[in-house]
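The values are calculated or read from the model by the stated rules, or taken from the named source; none is laboratory data. Quantities reported herein were computed from a predicted structural model and do not represent experimental measurements. Ideal geometry is used to build each Cβ from the backbone, glycine not excepted, and the neighbour counts take in all protein chains shown.
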Ligand code: SF4
């Protein structure tokens with residue numbers, strides 16, 4: 001599976017980073033960086049959690 005960011009939607013609050021710190025982080029400008037896009041079984045729960053917590057639905061799993 002892949003995690004996809006709809007960048008124009010992202011407001012940079014960072015809730016997703018709290019849910020999945022291994023997979024993503026906000027940079028110094030508040031831009032979300034996906035550190036890992038190909039999601040393996042080990043990261044699936046945290047990836048799903050990051051999708052769930054995003055208040056503007058900017059993340060999805062495909
Ligand atoms: S929770 Fe959503 S809006 Fe906030 S940084 Fe993550 S993707 Fe962007």
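Observations
- Looking across segment 29-59, just one residue is more than 14 Å from residue 14 (Cβ to Cβ), near the ligand (Cβ under 10 Å from one of its atoms) and touching a strand residue (DSSP E or B) at 6+ places or on another chain (Cβ under 8 Å), and that is 51.
- Residue match in segment 41-55 (condition: at pLDDT below 95 and surrounded by 11 or more Cβ atoms within 10 Å (Cβ to Cβ)): no
- Enumeration of residues in segment 6-36 that are surrounded by fewer than 13 Cβ atoms within 10 Å (Cβ to Cβ) and closer than 13 Å to residue 60 by Cβ: 6, 7, 9
- Of all residue pairs spaced 6 or more apart or on separate chains, those with beta-carbon atoms under 7 Å, a first member in segment 13-32 that is within 18 Å of residue 43 (Cβ to Cβ) and a second member that is more than 10 Å from the ligand (Cβ to nearest atom) and assigned to a loop (DSSP other than H, G, I, E, B) are 22/36; 23/35; 23/36; 24/35; 25/35.
- The set of residues in segment 4-27 being more than 10 Å from the ligand (Cβ to nearest atom) and in contact with a strand residue (DSSP E or B) (Cβ under 7 Å, 6 or more places away or on another chain) consists of 4, 23, 27.
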